[in-house]
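Shown next, in structure tokens, is the structure this report addresses.
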């Protein structure tokens, strides 16, 4: 078909000519991913990255050479088989996302279901220290940022933790890190937030029905992390991730280690999670899950053939005339003349 461009006058005329169209709501894509494409211990001293049967998460507060959020649980879901990728970074609307993970250690840490200010992890002698009002530290789900040339698409289960050898230990060098994103999509590493003294609100705090707050958590306890879909930063992060076909996430905690590397002596009192490599997890289905509901809308390349031309106009109008929710181009919940205008503006700009 011949490639052509339309003026804004033509766009307006088309909107008037076709009228309001047929109101319809977009079809949502819902599903459960029962295990991640990768899960690994995001820790500099892991001897078998990506093959660990269990991943402990803990903090090494203010210890030189160690990030405050030291042992982290990193996992990535491949969503391209459930949600079509490549529509555009802003072409996905999240209805809900829930991550579920299972505890692999027995009665080692206390359940804390609430967000704790970073000030509760300061040295008590610090004038900004804030006493913790409850027992334990929450488990927190964060978005993931990347450095050292890696991205969420290229980083794999056995990719190097950093470009540097583990000794001497270094801070702030991990290739994948728990991140806060701003409105421009710029990531800030929260791994050293205690020494850098800034608050970091996660995507979600882990919740369980297995015990009451303050009680020790048994092995096999299920924790859920529910994303706040009304948060525009979370929406933007997941939309970009769905567009790439891969959703990386990290569970981490400021629960100090007392028995692990960099944590001194004594029995370990921090959480750990089953991985997909664990035989028990395989038997009982304890690999990390992600339940999601999302609406996806193609961009100006409406037929997804890699070019923006007249064929996209034809494909758009076939969907629009049928009242197909996929033609809700402005993503407002209805298929009408406003979508025609929005589509042609995007189409004109390529």
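Read-outs: derived from the displayed coordinates by stated rules, not from any lab. As the structure is a prediction and not an experimental result, all values here were calculated from the model. Don't worry about glycine lacking a Cβ; one is built from the backbone with ideal geometry, like all the others, and counts go over all protein chains shown.
Summary of values
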| item | result |
| --- | --- |
| Compactness of the range 157-269 as Cα Rg over 2.2 N^0.38 Å, two decimals | 1.26 |
| Pairwise label distance in nanometres, residue 90 with residue 215, each label 7 Å out on the Cα-Cβ vector | 4.8 |
| Mean projected area (nm²) of the alpha-carbon convex hull when the range 74-189 is viewed from all directions | 11.3 |
| Most fluctuating residue given options 240, 108, 69, as computed from a GNM of the chain linking Cα atoms under 10 Å | 108 |
| Length released on extending from residue 196 to residue 130, taking residue separation times 0.36 nm less the Cα-Cα span | 22.2 nm |
| Burial ordering of 320, 150, fewest other beta-carbon atoms within 10 Å first | 150, 320 |
| Cβ-based exposure ranking for 349, 201, 289, in which fewest neighbours within 10 Å come first | 349, 201, 289 |
| Simple label model, 7 Å out from Cα along Cβ direction - residue 183 to residue 331, nm | 1.6 |
| For peptides 216-224, 70-78, 183-191, sequence by mean Cβ density within 10 Å, most packed first | 70-78, 216-224, 183-191 |
| DSSP-defined antiparallel bridges as percent of all bridges, the range 29-295, nearest 5 | 100 |
| Within a Gaussian network of the chain (alpha carbon springs, distance under 10 Å), most fluctuating of 90, 332, 67 | 332 |
| Helix-only CD estimate at 222 nm, as mean residue ellipticity for the chain, using -39500 (n - 2.57) per DSSP H run (n ≥ 4) | -5000 deg cm²/dmol |
| Cα-based Rg / Dmax (Å) for the range 227-350 | 22.7, 69 |
| Part-to-part distance (alpha-carbon centres) for the range 97-160 and the range 203-232, which is given in Å | 12 |
| For q = 0.09, 0.15 Å⁻¹, Debye-computed log10 I/I(0) when each Cα of the chain counts as one equal scatterer | -0.56, -1.18 |
| Between 0 and 90°, nearest 10: helix 337-348 axis offset from the chain longest Cα axis | 80 |
| Ranking of 182, 301, 309 by count of other Cβ atoms within 10 Å, fewest first | 182, 309, 301 |
| Relative contact order [Cα under 8 Å, 6+ residues apart], the chain, whole percent | 33 |
